[in-house]
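This report refers to the structure that appears directly beneath it.
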Amino acid sequence: MPWMEATHVSQRRDFVGLALVPGANMRELCRRFGISPATGYKWRARFCVGGAAALADLSRRPHHSPFQTTGPVAAALVALRQAHPAWGGRKLRARVQALGHTPVPATSTVTDILRRHGLIDPAEALKHAPGVRFERATPNELWQMDYKGDFPLGCGRCHPWTILDDHSRFNIALVACANQRGQTIRPLLIEVFRRYGLPCQLLCDNGPPWGTSHRGGLTEFGAWLIRLGIDLRHGRPFHPQTQGKEERFHRSLKLEVLAGRAFADLAAAQAAFDPWRQVYNHQRPHEALAMNTPASRYQASPRPYPELLPTIEYAPDDLVRQADHQGYIRFQGRRWHIADGVARQPVGLRPTTQDGLWQVYFCHQKLDRIDLREYPTEANKC
C-alpha cells in the first residue's frame with residue numbers, strides 16, 4: 001500500500017491539521033495515527049513554531065522566485081503561478097495573503113500581473129464560469145468516493161482512488177491503485193476509517209466494487225460498508241454530476257498533476273500524488289470555501305472504526321429471512337432475489353401501509369421492495 005509507506009511528512013501534516021481543530025481529542029488522534037501522545041504533542045509544537053517545513057525529516061527552505069519583477073509581492077505571485085499553473089487570480093491572491101505578503105493587490109491586479117508575464121491563456125480563461133454549489137452542513141456527513149479514469153504507466157495502468165469530504169472538500173484519500181477490485185480497496189479504506197473515523201453517508205457510483213447493475217445493486221463490498229453503520233448511496237446511472245465535487249477534484253488532479261507527465265510505475269505516481277494532496281488540502285485556496293483551504297474546515301469524525309463488525313439486528317416487528325449463497329430468500333411461498341451482497345446474511349422484511357407491499361432492509365438500509373401482488377415470474381417461483 002504505497003499511500004501508507006511513502007507519506008510520513010504528509011501524515012504528520014494531516015495529524016497537525018486535525019490536532020489544531022478546537023476541541024480535538026489528542027489521545028484519540030494519536031491512537032488513530034499510530035503514534036505516542038509525546039510524539040503527537042511534539043509534532044504539534046514543531047508546527048506551531050516552524051509551520052509545515054518543521055515537520056520534514058530534513059530542513060527545507062521555502063520556494064522563492066528566480067525572476068526579477070516590479071516587487072516582492074509580484075514575484076511571489078509569479079512563482080506561485082508557475083508552481084501551480086491551474087490556480088487563478090483569486091486563489092493566488094488568497095495564498096499570497098496567507099503567506100503574509102503585503103500589500104496584497106486586488107484580484108484584478110493579480111490577473112494583470114499574470115497577463116504581463118504571459119501566464120494567462122485568453123482562450124482558457126473564457127472557459128471558466130461560476131456555478132451553483134451545494135454542500136453538506138458538517139464534516140463527515142457525506143464522503144464522495146470514486147476512481148478517476150485510469151491512465152497508462154511504464155508498466156501497467158494506474159487507477160487513482162479518491163475520497164472527498166462533501167462539506168470541506170478535504171481530500172481524505174488519494175491512492176495510486178493497480179486495479180478497481182474490492183480486495184485492493186478494502187484494506188486501504190480500513191486504514192482511512194481508523195485515521196479519520198466513519199462518515200455518516202458514503203456516495204459512490206454504480207460501478208464495481210461498490211455497485212452493480214443487478215437488481216438490488218448491492219455487492220459484498222457495499223454490504224460491508226452498511227454493516228459498519230454507513231448509509232451507502234449511489235449516484236444516478238449515467239449522471240456523473242451527482243458526484244460533482246469528486247469530478248471537479250479529478251479535474252484539478254488532471255490539470256495540476258497528470259497533464260503532460262508520464263510515470264514509470266505506481267510508486268512514481270504516488271510520489272507525485274502525495275505532495276499535491278498536501279498542497280490541495282492545506283495551501284490551495286478553494287473558491288467554494290470563500291478562498292479558505294479544505295483543511296481549515298475539516299475535522300476527524302467522532303465515530304471510530306469498529307475492529308469487529310456489529311451484530312446484525314432488526315426491529316421486533318420485522319420478519320427476518322436468511323439469504324442463501326446467491327442472495328435469494330423465501331417468502332410467502334416464493335423465491336426472491338434480494339442482492340448478491342447479502343449472500344448468507346439475514347435481511348429484514350417490513351410491511352407497508354399498502355397490502356401486499358413489503359420493504360426489504362439490510363441492517364439499517366432499505367434495499368428493495370417485495371410486491372406480493374405482482375404475478376410470479378419463472379425466476380421467483382418455488
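Evaluated against (1) more than 25 Å from the chain's Cα centre (by Cα); (2) under 30 Å from D14 (Cα atoms), K254 falls short on exactly one condition, (1). Out of A290, A343, A295, A300, one residue alone is among the aliphatic types (A, V, I, L, M) and modelled with pLDDT under 90. It is A290. Taking the criterion of being in a loop (DSSP other than H, G, I, E, B) and within 17 Å of the chain's Cα centre (by Cα), the residues of region 287-301 that qualify are T293, Y298, Q299, A300, S301.
Mind checking which residues of region 322-364 are under 35 Å from the mean Cα position of the chain (by Cα), more than 21 Å from D231 (Cβ to Cβ) and of a type in the set (D, E, K, R)? Correct list: D324, R344.
Just one residue in the set L319, L266 is of a type in the set (A, V, I, L, M, F, W, C), crowded, with 18+ Cβ neighbours inside 10 Å and over 17 Å from the mean Cα position of the chain (by Cα); that residue is L266. If you go through region 29-52 and keep only what is within 12 Å of R195 (Cα to Cα), surrounded by 14 or more Cβ atoms within 10 Å (Cβ to Cβ) and not aromatic (F, W, Y), you end up with L29, C30, R31, R32, I35. Annotation note: Cβ proximity below 8 Å between a residue of region 156-183 that is within 15 Å of R251 (Cα to Cα) and a residue that is part of a loop (DSSP other than H, G, I, E, B) and hydrophobic (A, V, I, L, M, F, W, C) (sequence gap 6+ or interchain) occurs for H159/A178; L164/F170. Among the residues of region 323-364, the one identified as more than 24 Å from C200 (Cβ to Cβ), assigned to a strand (DSSP E or B) and either among the hydroxyl-bearing types (S, T, Y) or in the same structural domain as R233 (by TED's automatic domain parsing) (or both) is Y328.
Residue-wise test of (1) farther than 30 Å from T184 by Cβ; (2) at pLDDT 90 or above.
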| position | (1), (2) |
| --- | --- |
| M4 | no, no |
| L18 | no, yes |
| P22 | yes, no |
| G34 | no, no |
| A52 | yes, no |
| R60 | yes, no |
| Q68 | yes, no |
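Of the numbered criteria (1) under 18 Å from E220 (Cα atoms); (2) surrounded by 13 or more Cβ atoms within 10 Å (Cβ to Cβ); (3) in contact with a helix residue (DSSP H, G or I) (Cβ under 6 Å, 6 or more places away or on another chain), the one Y305 fails is (1). State yes or no: is R284 outside any helix (DSSP H, G or I) and in the same structural domain as I172 (by TED's automatic domain parsing)? So R284 passes the test.
The values are calculated or read from the model by the stated rules, or taken from the named source; none is laboratory data. These numbers were taken from a predicted model, which means no experiment stands behind them. Cβ atoms come from the backbone with ideal geometry, glycine included; neighbour counts cover every protein chain shown.
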